[in-house]
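A quick write-up on the structure given underneath.
Any read-out appearing in this document is the output of simple, stated calculations on the displayed coordinates, not a laboratory observation. Note that the structure is predicted; figures quoted are calculated from it, not measured. Here the Cβ positions follow ideal geometry from the backbone for every residue, glycine too, while neighbour counts run over all protein chains shown.
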Amino acid sequence: MVQDLYILMITAGVVSLLFKLLKQPVVLGYIVAGILVGPYLFGKSLVSAENVEAWGNIGVLFVLFCIGLEFRIKNLISSGKVAAIGALTIIGGMMLFGFGVGKSAELDTMNSLFLAGMLCMSSTTIVMKAIDEAGLSKERFVKGATSILIIEDIVAVVLMVLLSSIAIRHQFEGAELLGKVGDLVITLVVWFICGILIIPTFLRWVKPYLNDETLIIIALGLCLGMVLTAEEAGFSSALGAFVMGTILAETVESHRIEKLMTPLKNVFAAIFFVSVGLMINPASLAEYWPSILYVCVVIIIGMIVFGTLGCWWGGQTLKDSMLTSFSFVQIGEFSFIIAGLGSKLGVTDPVIYPIIVAASVITTFLTPYIMKATVPCYNFLYNHAPKGLKAKIDRREEQVKQAEQQQKAKACADGKATLADKTLHAVRHTFITKRLVKLFIKNMSEKDRLEENEK
């Protein structure tokens, strides 16, 4: 096991360094490292596939836990309409697109459903990294794009649970699926309410005794405890890790936990992506290159079309909508997880996995270049648009600017009123839940005050 880990780390480190020098995402380097140590390139595997798979599964949990730590309720609420309409348009459109691709390739319903799930999620990690490297992190569209990615992550976790349920039963029944969704929603609400009421209070009580070592141990213990709880409740372990991340994101120690988790997440995320590369047969990529190219075109065109429409319908300007959609033109970690889930359950065609991974690699590589084409494409579209459409684009731009000015004025008028204060005001007449709400508000208020002090 130590020898396997040594080979993985050295290979992943050298290859990722090479990709860094070439100014390419290190995720691609990890996948290539997996191909190099895998069983297909040199005739035998240099590492134990079972050990790598076990570490990769742990990596998935840590990645989802850290994604949950980045979740902020107030950021999601502030984006509101754009986040909801944009995410639902992208997810719904791409799932229909993906299901149609599966059917056109003569895949059965189960394979088509899993393929649809693989194609409907952009990579949060890659999108945010691409935006940062392009120097666009301070642009207006980033807030909406981040909120859309958060909703996509939530939907992805829920989708994994639903696809697992469908795959295990080998049938698709609307009533049963609706019941499963209802059970999931109730479970999530109970977990989240109990977690927000108990865990922040506990962390506040023991804060004087929390050094970095103790805090990371408690955070990981809570994460793994929720993983076991989710499995006992009949849901995926990934759901438990994500939920605990979202709960801890609303505590006063969230930023500290996120900082402490980053090195651990990076190590196990690297192992996860290496395990993805381990399953790729380069010969199959050469054999199925037309399908890979087809899937890449579907991803790029679908994300641009549905992303632009969804953000425009959500109230963004056309330029911001295009900046968002052009940054979403790839699939990533959740696509791998769903593909691996289908393979593990034995319900997807083995050829789908390498096609999806190859499509992810290609679209990830192309993302920075496609993003650079956003402004020229917008200028071309604006300059050649009919007068009516051009006037509508200008009106939307003016509306968004006015809305921003009103929000700034309202923020100044509200003074130091926090999200917690507003929530308490909204429920002040509810007698039965007042005690619980006050505890919730107390936890949220303290977190808001600390964040304001840090700023």
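Using 0.36 nm per residue, how much length does the chain from Ser343 to Tyr294 gain when fully extended, once their Cα-Cα distance is taken away?
15.5 nm
How many nm is it between the label spots at Thr262 and Gln3, if each spot is 7 Å from the Cα in line with the beta carbon?
Between Thr262 and Gln3, the label points sit 3.6 nm apart.
Mind giving me the FRET efficiency for Leu228 and Phe192? R0 is 25 Å, r the Cβ-Cβ distance, nearest 0.05 is fine.
Working from the Cβ atoms, E equals 0.90.
With θ set to phi - 60° and the Karplus curve 6.51 cos²θ - 1.76 cosθ + 1.60, what are the ³J(HN,Hα) couplings of the stretch 315-321 in order, to the nearest whole Hz, using x for Gly and Pro?
Here the 3J(HN,Hα) series is x, 6, 5, 5, 5, 5, 4 Hz.
In nm, to one decimal, how far is the modelled label at Leu22 from the one at Val351, with both set 7 Å along Cα→Cβ?
Roughly 2.7 nm, to one decimal.
Show me 97-107, 361-371 ranked by packing, highest mean number of other Cβ atoms within 10 Å first.
For the peptides 97-107, 361-371, the packing ranking is 361-371, 97-107.
Given R₀ = 30 Å, what would the calculated FRET efficiency be for Glu139 paired with Glu213, taking r from the Cβ atoms and rounding to 0.05?
According to the calculation, E is roughly 0.20.
Are there trypsin sites (Lys or Arg not before Pro) in the stretch 208-313 that DSSP puts in a loop and that have at most 11 other Cβ atoms within 10 Å, and which ones?
none
Nearest 0.05, what FRET efficiency do Cys377 and Lys81 give at R0 = 41 Å with Cβ-Cβ as r?
0.95
Please list 189-199, 21-31, 310-320, 204-214 highest first by mean number of surrounding beta-carbon atoms within 10 Å per residue. Each step should come with its number before you reach the end.
Details: 189-199: 15.1, 21-31: 18.9, 310-320: 22.9, 204-214: 10.4.
By packing density, highest mean first, the sequence is 310-320, 21-31, 189-199, 204-214.
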